[in-house]
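Worksheet: one structure, shown below.
The numbers here are math on the coordinates, done by the rules we state, and not lab data. For clarity, every value in this text was computed on a predicted model and none was experimentally measured. Backbone-built Cβ (ideal geometry, glycine too); neighbour counts: all protein chains shown.
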Protein chains: 2
Amino acid sequence: MGNIPPVGRKVTLSDIAAGCDVSRATVSLVLRGSPLVNKHTRARVEEELRRQGYVYNRAAANLRRRTSSSIALVLNDLANPFFAEFAAGVDEILGSTGFVTLLGSTGESTERELAVLGSLMEHGPAGIILSPAEGSDAEQILGAVGTQTPLLLFNREVSGDVSACDHWDRLFLDNQRGARLATEHLIAQGHRRIAFYGGHLGSSSCKQRRAGYAEAMRAAGLAVEPQWMVECIPNRLDAVAQSHQLFAGAQAPTAAVCYNDAVALGLMLGLHQRGLQPGTDFALTGFDDIAEAAVSAPPLTTLAVTPRDRGRQAAELILQRVKEPSAAPRQTIVPVQLLVRDSSCPPHA
Amino acid sequence: MGNIPPVGRKVTLSDIAAGCDVSRATVSLVLRGSPLVNKHTRARVEEELRRQGYVYNRAAANLRRRTSSSIALVLNDLANPFFAEFAAGVDEILGSTGFVTLLGSTGESTERELAVLGSLMEHGPAGIILSPAEGSDAEQILGAVGTQTPLLLFNREVSGDVSACDHWDRLFLDNQRGARLATEHLIAQGHRRIAFYGGHLGSSSCKQRRAGYAEAMRAAGLAVEPQWMVECIPNRLDAVAQSHQLFAGAQAPTAAVCYNDAVALGLMLGLHQRGLQPGTDFALTGFDDIAEAAVSAPPLTTLAVTPRDRGRQAAELILQRVKEPSAAPRQTIVPVQLLVRDSSCPPHA
DNA sequence: GGGTAGTTTTGGATCGTTCTAAACATGCCA
DNA sequence: TGGCATGTTTAGAACGATCCAAAACTACCC
């Protein structure tokens, strides 16, 4: 019988080589399925690999080959179901390609974002998928990731000198068209006084959705009262808290296009508190189609963005870029789909 | 002026050493903040590091030091908000400790689980946090991860020869007590005919929750009809589909303890379809306290498990184990908290 | 000038792979 | 017998960091 496998220490190529009396090079060739090795040698080596319970050390191989087999995935809010689905999609594709996902979640803090990026960069990822925290600065991010590692910007534009980052790939939702569709739908339902509710003006997606809303209103010849444009933190809680603002002026709206589903669900609660029945006395739409949207009371009309598909797409885009680092940068804008449910009722008689 | 930084290639320790005329060893000492280096030398080296835009190569360092700075996080369903929150908690702690999270999501498939574990192992994680897919086999997992890498089992027990894996740490929810609390609450509301609805009997958490339910029923001297124990896939869709089973027998229940929130929300829809108003004609409870539970109609009485805190706890447990590999294995059972909302009404008159 | 103690610096081996170029074996043909 | 093609194996130098032991400086005192 051969030697026993080493204890406490990991089994290496050399252990295998020694165990069946060939050189390290030969074992390495076997591992990578090279046609150079003799059938009998291969069988012997493979038997020994099994016997000792060998585990490939990809870090060592990557070091030698100056390659990388990981992609960094940095998200502003992993707890948000939209990004969780996105992450699942990313990991699905990366996993099936032999890449491993380095996860980093920033909790919407630009400081943590830079720290996380810095820490992940030390592991030399082949590429980065970044959904930036609100208020992220282009040059700071560039400073953290350098110019060597390809980066795919997802979901949000960054602020600052964007021209320095025009080599980044981009994957965005068609926010403007989505909000336009929602607004047009409410107009078609007969509404004339329509608000745009929620989101931060600082964020690029909010600006784009507002633009789509404004476009539809203008096209229909409808006026927009200033008090119909209400900002709030894009979560349920603040959406409840700010909802009174919609009704502060003389001309109360009869419907609202909401920044996203969380805000819309919050606004529903706020309406209830004022004695208004959402979907009967007041119409509203969301954005994202999170799972709750289909089961809320009433079910929420919203824009489906299929985050898992976006994740898969993002993974494919970054892998393509890793393969061809010098190809021209790509900006992809994906369409969104209006899902009409009960929340977008006609105006109350 | 010094040399320009190298193009196309990453900046290494040697580049810095050459750039300011010291040895690689000195640069290495500076990087690690050793007190051995002279103030002036340190300043010169640090200037050069900045100038060339040096990025530490942790993989190379780990190779030499035979250490690791990553933890693998393998989840059966990342898209589930419960696990997404959990992952966010894990990453929060790991990130703040200088560790990086290697993400793997298995989509509840045991095959993919083994593949993912195998792929992650090649990156030599210091430890593994695993929430196993349903039906995972203890010995197969052991075969994939070996005995050298510490593993923390989260949320579910694995099947098969568990004694081979008794060196693993475990972090479980107190499923039994949770279900008992929910059942006792329904009994206190006045219900006598209470069902246990949903989940797979194959899963350990389902068995434990059923046990808690049975315990409370027995303690109250209440009988359990066989047709009140209904299995279903633990998602909303199948929960709707199977809900008719509850009413198949002569003795229809007036309340149900549901396996989890998703199932409870599905059952609500099923009740609606039968013309029953959940929270008025029929009482039910969930498990998990997902975000939707608070905003469903009616709001769902459920058991809060604070998944983000569990994530933090899991990260801390595995880090502790990495520090002390030979300490006795630990099994942690975390309490859950009953949140009473409107869905658990008294029986209809 | 030499000895001593203390502070800094350094060459070279090493971690576990891959790569290159060369060595070795075999068979065939001239 | 030598030359050449084909097939298989291998020694040893990388990759980018760390570690160790030893060397090279200082400063100081006799």
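Quick one: putting +1 on the C-beta of Lys and Arg, -1 on the C-beta of Asp and Glu, what dipole do you get for segment A:96-211 around its Cα centre, in Debye to the nearest 20? Mind dumping the intermediate values first?
Values: 10 positive and 13 negative charges, 168 e Å.
Charge dipole, segment A:96-211, about its Cα centre: 800 debye, nearest 20.
Select from B:Lys207, B:Lys39, B:Lys323 the residue whose mean-square fluctuation is largest in a Gaussian network model of chain B (Cα-Cα springs shorter than 10 Å).
Top of the fluctuation ranking is B:Lys39.
Over chain A, what is the mean sequence separation of C-alpha contacts under 8 Å (at least six apart), divided by residue count, expressed as relative contact order in percent? Provide the component values of the computation, followed by the final result.
Numbers: 656 pairs, mean separation 57.5, N = 349.
Relative contact order of chain A: 16 percent.
Specify whether the C-alpha gyration tensor of the protein assembly as shown places it in the rounded, prolate or oblate class, a ≥ b ≥ c being the square roots of the eigenvalues: rounded for a/c under 1.5, otherwise prolate if a/b is larger than b/c and oblate if not. Intermediate results must be reported in sequence, preceding the final value.
Values: a/c = 2.33, a/b = 1.29, b/c = 1.81.
Oblate shape, in that a/c is at least 1.5 and b/c is the bigger or equal ratio.
Can you pull out the chymotrypsin sites (Phe, Trp or Tyr not before Pro) in segment A:74-115 whose DSSP state is coil and whose Cβ has at most 16 other Cβ atoms within 10 Å?
none
Just check segment B:155-245 against the gyration tensor rule for me: Cα atoms, a ≥ b ≥ c as the square roots of the eigenvalues, rounded for a/c under 1.5, and otherwise prolate or oblate depending on whether a/b exceeds b/c.
On the way: a/c = 2.40, a/b = 1.47, b/c = 1.63.
The shape class here is oblate.
From the label point of A:Arg50, set 7 Å from Cα along Cα→Cβ, how far away are the matching label points in the other copies, in nm, ordered shortest to longest?
Distances to the matching label points in the other copies: 5.9 nm.
What are the lysines whose alpha-carbon lies under 18 Å from the alpha-carbon of A:Lys323, with same-chain residues fewer than 8 places away excluded?
Once the sequence-local lysines are set aside, what remains near A:Lys323 is B:Lys10.
Between A:Ser205, A:Val90, B:Val257, whose Cα lies farthest towards the positive end of the dipole of the protein assembly as shown when Lys and Arg beta carbons carry +1 and Asp and Glu beta carbons carry -1, centred on the Cα centre?
Result: A:Val90, furthest along the dipole toward the positive end.
Treating only the Cβ atoms of Lys and Arg (+1) and Asp and Glu (-1) as charged, compute the dipole magnitude of the protein assembly as shown about its Cα centre; round to the nearest 20 debye.
That gives a dipole near 1700 debye.
Please express the Cα-Cα pair-distance distribution P(r) of segment A:228-337 as a list of whole percents, one per 10 Å bin, running from 0 to the bin with the greatest distance.
For segment A:228-337, the binned pair fractions read 13, 37, 22, 15, 9, 3 percent.
Per residue of chain B, what 222 nm ellipticity follows from adding -39500 (n - 2.57) for every DSSP H run with n ≥ 4, rounded to the nearest 500?
After summing the helix terms and dividing by the residues of chain B, the value is -12500 deg cm²/dmol.
Looking only at Cα atoms, what is the convex hull volume of segment B:223-266 per residue, in Å³? Walk me through the numbers on the way to the answer.
Values: hull volume 2.9 nm³, N = 44.
Output value, Cα hull per residue: 66 Å³.
Per the Debye formula with a single identical scatterer at each Cα and no solvent contribution, what log10 I(q)/I(0) holds for chain B at q = 0.07, 0.12 Å⁻¹?
-0.42, -0.87
With N denoting the number of residues in segment A:51-141, provide Rg(C-alpha) divided by 2.2 N^0.38 Å, to two decimal places.
For segment A:51-141, the normalised Cα radius of gyration comes out at 1.22.
Treating only the Cβ atoms of Lys and Arg (+1) and Asp and Glu (-1) as charged, compute the dipole magnitude of chain B about its Cα centre; round to the nearest 20 debye.
Using only the charged Cβ atoms, the result is roughly 1200 debye.
Can you give the average number of partner chain beta-carbon atoms within 10 Å of each beta-carbon in peptide A:90-100, as a whole number?
That works out to 4 on average.
Less than 11 Å Cβ to Cβ from B:Asp309, Lys/Arg counted +1 and Asp/Glu -1: what total charge do the surrounding residues give?
Residues near B:Asp309 contribute 0 overall.
Choose one answer from B:Ile93, B:Ile16, B:Ile71: the residue with the largest mean-square fluctuation in a GNM of chain B with alpha-carbon springs under 10 Å.
Judging by the Gaussian network model, the answer is B:Ile16.
Looking at chain A as a GNM with Cα springs under 10 Å, which of A:Leu271, A:Leu186, A:Leu171 has the largest mean-square fluctuation?
Result for chain A, Cα springs under 10 Å: A:Leu271 fluctuates most.
What is the mean number of Cβ atoms from other protein chains located within 10 Å of the Cβ atom of each residue in peptide B:203-210, rounded to a whole number?
Working: counts 0, 0, 0, 0, 0, 0, 0, 0.
Counting other chains' Cβ atoms within 10 Å and averaging over B:203-210 gives 0.
Among residues other than B:Gly89 whose Cβ falls under 14 Å from its Cβ, what is the net charge (Lys/Arg +1, Asp/Glu -1)?
Working: positive: B:Arg308, B:Arg310, B:Arg312; negative: A:Asp77, B:Glu85, B:Asp91, B:Glu92, B:Asp309, B:Glu316.
It works out to a net charge of -3.
A:Arg218 label points, 7 Å along Cα→Cβ, one per copy: pairwise distances from this copy to the rest in nm, shortest first?
Once sorted, the set of distances for A:Arg218 reads 7.2 nm.
So how do A:Arg330, B:Arg341, B:Arg312 line up by other beta-carbon neighbours within 10 Å, fewest first?
Fewest-to-most Cβ neighbours within 10 Å comes out as A:Arg330, B:Arg341, B:Arg312.
If you take each beta carbon of peptide B:58-68 and count the beta carbons of other chains within 10 angstrom, what is the mean?
Mean shielding by partner chains, rounded to a whole number: 3.
At 7 angstrom along the Cα-to-beta-carbon line, where would the label on B:Ser159 sit relative to the other copies? Give the distances in nm, shortest first.
Copy-to-copy label distances at B:Ser159, shortest first: 5.5 nm.
Among B:Leu338, A:Gly275, B:Pro298, which residue has its Cα furthest toward the positive end of the charge dipole of the protein assembly as shown, with +1 on Lys/Arg Cβ and -1 on Asp/Glu Cβ?
B:Leu338
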